[in-house]
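Taking it in order: structure first as structure tokens, then the write-up.
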Amino acid sequence: MSHAYHRQLVFTVKDKCRVCYTCVRECPVKAIKIIRTQAEVINERCIGCGNCVKVCSQGAKYPLRSIDEVNELLKSEKKIAACIAPSFPAEFTEVPDHRMFVGMIRALGFDYVAEVAFGADMVAREYENRIKRSEGDGQISSDCPAIVYFIRHYHPELVGNLAPVASPMLAMTRIMKKKYGEDLKVVFIGPCFAKKAETDEIDEVLTFRELREMFQEKGIIWENSSPSVFDPPVSGKGAIFPISRGLYFTANSTETIPEEQVVVAEGRVNFKEAVREFEEGLIRNKHLMLLCCEGCIMGPGTSPGGKRFARSAAVGEYVSKKLATVDKEQWENQVEEFSGLDFSQQFSPEDRRFEIPAEDKILEALHAMGKFKPGDHLNCGTCGYDTCVEHAIAIVKDLAETEMCLPYTIEKLHDSINNLNVSNDKLAKAKQALKQSEKLAHMGQLSAGIAHELNNPLGVITMYSNILIDESPENDPMRDDLKLIAEQADRCKKIVSGLLNFARKNQVTLSETDIVKFMRHSIDSIIKPSNIEIAFEPKIADPQARLDIDQMMQVLTNLEKNAVEAMPDGGTLTVGVEGDQKEIRFIIADTGTGISKEYMDKIFTPFFTTKEMGKGTGLGLALIYGIVKMHKGKIHVESNDDVTKGNTGTTFTITLPRT
Ligand code: ADP
Ligand code: MG
């Protein structure tokens, strides 16, 4: 394995990400970028803790795999040693005895199978000595590679506080090479994949999950393995290393490290807090024993769904059995044998913090999410960031998107729904209007045809009945009948001419008019009963407008007549005109009976009338509708016929565009 340090440890499967932002939330260093609603790991920022792999329910993240490389090694002529992390009893709980487990590994073709726990024994001695010797400044344990990356990248000022001690894995590699020859190839097998990028001194690193895969590929099961013991050097107390406070227990071999000198912090939230407090000087003289996971037994290279306390108990059981049978003298001799070995390790800072963006940029990002005042900062964490400001900074840094803010997205969704509802309403109204005008067009065609055919015979009836009246003597009893014929024929002619008006297809003839004068004229031309007041309210700055005078006069007089007829017991007719540069609005309002809801969509239909026989033709509003449409205008009716809901009455508003 070369250039361990630059290795990418976590990869993203495109399109599997369902943007739950759990990985963003769980990533202690926010090394995850959301691009076009896909989460991607940024290698330069990653510390290899594996949290994102552990929490992604969609399997959208996977760790670097080393099985092929290890198989290559095993195929070679070289001697290969498997160094097994002390957390193995927590993972392989189904194997009844560790000797079967060792046999299974040998079956894969490894020449030696040793326990990293002996490396832990040696490293723990280093820690014990350092802690006992140290005065003043405390130090930070360097056995967890993710913690080491974290300090080097994000707290480079604290690199000097990292204990310059090799990790148990590295120590064991050096021990194995010393014992079995420098050309020995060493494969570490453990619960962690940050180890894959820890050091170039080790040849390959497998996770327990990869080991399981290899067993499966080769059909190796404990039932058919030949039990075997670990190769020396055999371990002692170091086997307890992977459980919570493991380093403390191992290092405290002579029980001389007082508890108050040590701060143990594990898990993604705790270790960061401990480092922050250490940096702030609050626990500067303490020795921080930090692990990125909750003990190595919960590492991302272990099988998912493992129970922490059961795993811890499994390691505990293994250790107590081991300590009961360990050959103390042999162990002490081994310690003696390797105590001259170099167990040091140096670390260098590599600052990967990003610059905090300018305040106005952060504010801009916050405003884009509808956050304008402190009260808008819900800090709900759904986006994966602890605070809205952190999210805004990530947006400025192109790591996050605005849509990740759930409250903002919900609000936007509500807005969209409202807009859709409004569009829907508009659409329904337009459909209704279309239906109405189609109906009117058909009616128009039909009535034009009928009217045309009726006009000539009606003319004949009128003419002949008038001739007969003229020719009949004054006292002729037939005269009244003839008069009735002539009268009714006349009425028919009026209806027919109304029909022709309604159906006419001719264009409007526009001419310049003073509409205030024009309206006054329309009021003057209707018959006004004495119990009706007329209020004329012109409110228009520019009364000059272009319209078809004859046709619009029909519109206004018809509306005014309807209004008067709706107020049999008297009332007020308000006639107004208002508008601006774009349009003119004629308003005809009455305090009459109002129009009932069920009639509202019928009133423009030709021949619809509620008036008694002989009074209404039901053609007024149909005619108005046609004329207004020809002016490219709109008609709006507002009416109340229910006294319990306030004053009754109707207001017609005709809006005409000026051009
Ligand atoms: P007509 O006046 O011959 O009945 P219109 O087409 O002018 O025909 O009007 C149709 C119907 O609309 C009327 O019969 C009446 O029911 C209703 N209507 C019109 N204008 C008013 C109004 N201002 N107040 C109450 N009802 C009205
Ligand atoms: Mg009418």
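Determine, yes or no, whether A566 is under 54 Å from the mean Cα position of the chain (by Cα) and within 10 Å of ligand 1 (Cβ to nearest atom). No. Of all the residues in the range 259-279, those that are surrounded by fewer than 14 Cβ atoms within 10 Å (Cβ to Cβ) and within 28 Å of C52 (Cβ to Cβ) number 3. When T651, T659, T655, T572 are screened for being assigned by TED's automatic domain parsing to the domain that holds I527, modelled with pLDDT of 95 or more and away from ligand 1 (no atom under 13 Å from the Cβ), only T655 passes.
Looking only at residues in the range 617-644 that are more than 45 Å from the chain's Cα centre (by Cα) and of a type in the set (D, E, K, R), the one that is modelled with the lowest pLDDT is K629. Against the conditions (1) assigned by TED's automatic domain parsing to the domain that holds K177; (2) under 42 Å from the mean Cα position of the chain (by Cα); (3) among the small types (G, A, S), where does S348 fall short? Just the number, please. All conditions pass for S348, except number (1).
For the range 579-600, filtered to residues that are among the hydroxyl-bearing types (S, T, Y) and more than 30 Å from L446 (Cβ to Cβ), the residue that is farthest from ligand 2 (Cβ to nearest atom) is T591. Criterion first (in the same structural domain as E537 (by TED's automatic domain parsing), in a loop (DSSP other than H, G, I, E, B) and touching a strand residue (DSSP E or B) at 6+ places or on another chain (Cβ under 6 Å)) does K632 satisfy it? Against the criterion (in the same structural domain as E537 (by TED's automatic domain parsing), in a loop (DSSP other than H, G, I, E, B) and touching a strand residue (DSSP E or B) at 6+ places or on another chain (Cβ under 6 Å)), K632 qualifies. Every test in (1) closer than 24 Å to D398 by Cβ; (2) in contact with a Lys or Arg (Cβ under 8 Å, 6 or more places away or on another chain) is passed by K78 save one, and that test is (1). Number of residues in the range 597-616 that are under 50 Å from the mean Cα position of the chain (by Cα), surrounded by fewer than 17 Cβ atoms within 10 Å (Cβ to Cβ) and near ligand 1 (Cβ under 7 Å from one of its atoms) equals 1.
Tell me whether the range 261-269 contains one or more residues that are of a type in the set (G, A, S), closer than 27 Å to H153 by Cβ and within 37 Å of the chain's Cα centre (by Cα). The answer is yes, given that some residue of the range 261-269 is of a type in the set (G, A, S), closer than 27 Å to H153 by Cβ and within 37 Å of the chain's Cα centre (by Cα). I want to confirm something. Restricting to the range 612-643 and keeping residues that are near ligand 2 (Cβ under 10 Å from one of its atoms) and in contact with a helix residue (DSSP H, G or I) (Cβ under 7 Å, 6 or more places away or on another chain), which single residue is nearest to K561 (Cα to Cα)? Applying the filter and picking the extreme gives G620. Would you check which residues across the range 289-327 are surrounded by 24 or more Cβ atoms within 10 Å (Cβ to Cβ) and not in a helix (DSSP H, G or I) and list them? Matches in the range 289-327: M289, L290, L291, C292, C293, G299, P300, G301, T302. Using the structure shown, decide if K561 is within 15 Å of ligand 1 (Cβ to nearest atom) and either more than 56 Å from the chain's Cα centre (by Cα) or not assigned by TED's automatic domain parsing to the domain that holds L458 (or both). It is true that K561 is within 15 Å of ligand 1 (Cβ to nearest atom) and either more than 56 Å from the chain's Cα centre (by Cα) or not assigned by TED's automatic domain parsing to the domain that holds L458 (or both). Against the condition under 30 Å from V29 (Cα atoms) and assigned by TED's automatic domain parsing to the domain that holds R479, how does T409 come out, does it pass? The answer is yes for T409.
Applying a threshold of 6 Å to beta carbon distances and a minimum spacing of six or more residues, or different chains, the list of pairs starting in the range 121-142 at a residue that is within 25 Å of S235 (Cα to Cα) and ending at one that is modelled with pLDDT under 85 and not in a helix (DSSP H, G or I) reads I131/I257. May I ask you to list the residues in the range 563-599 that are in contact with a Gly (Cβ under 7 Å, 6 or more places away or on another chain) and either outside any loop (DSSP other than H, G, I, E, B) or free of Cβ contacts under 8 Å to residues at least 24 places away in the same chain (or both)? Answer for the range 563-599, where residues must be in contact with a Gly (Cβ under 7 Å, 6 or more places away or on another chain) and either outside any loop (DSSP other than H, G, I, E, B) or free of Cβ contacts under 8 Å to residues at least 24 places away in the same chain (or both): A563, G571, R585, I587, A589, D590.
In the set (1) touching an Asp or Glu at 6+ places or on another chain (Cβ under 9 Å); (2) of a type in the set (A, V, I, L, M, F, W, C); (3) within 15 Å of ligand 2 (Cβ to nearest atom); (4) assigned to a loop (DSSP other than H, G, I, E, B), I603 fails one condition alone, (1). Do the conditions hold for I627, that is, is it within 13 Å of ligand 1 (Cβ to nearest atom), surrounded by 15 or more Cβ atoms within 10 Å (Cβ to Cβ), part of a strand (DSSP E or B) and not assigned by TED's automatic domain parsing to the domain that holds Q445? Against the criterion (within 13 Å of ligand 1 (Cβ to nearest atom), surrounded by 15 or more Cβ atoms within 10 Å (Cβ to Cβ), part of a strand (DSSP E or B) and not assigned by TED's automatic domain parsing to the domain that holds Q445), I627 does not qualify. Taking the criterion of being small (G, A, S) and farther than 18 Å from E204 by Cα, the only residue of the range 60-86 that qualifies is A60.
The values are calculated or read from the model by the stated rules, or taken from the named source; none is laboratory data. This structure is a prediction, so every number in the text was calculated from the model and none was measured. Backbone-built Cβ (ideal geometry, glycine too); neighbour counts: all protein chains shown.
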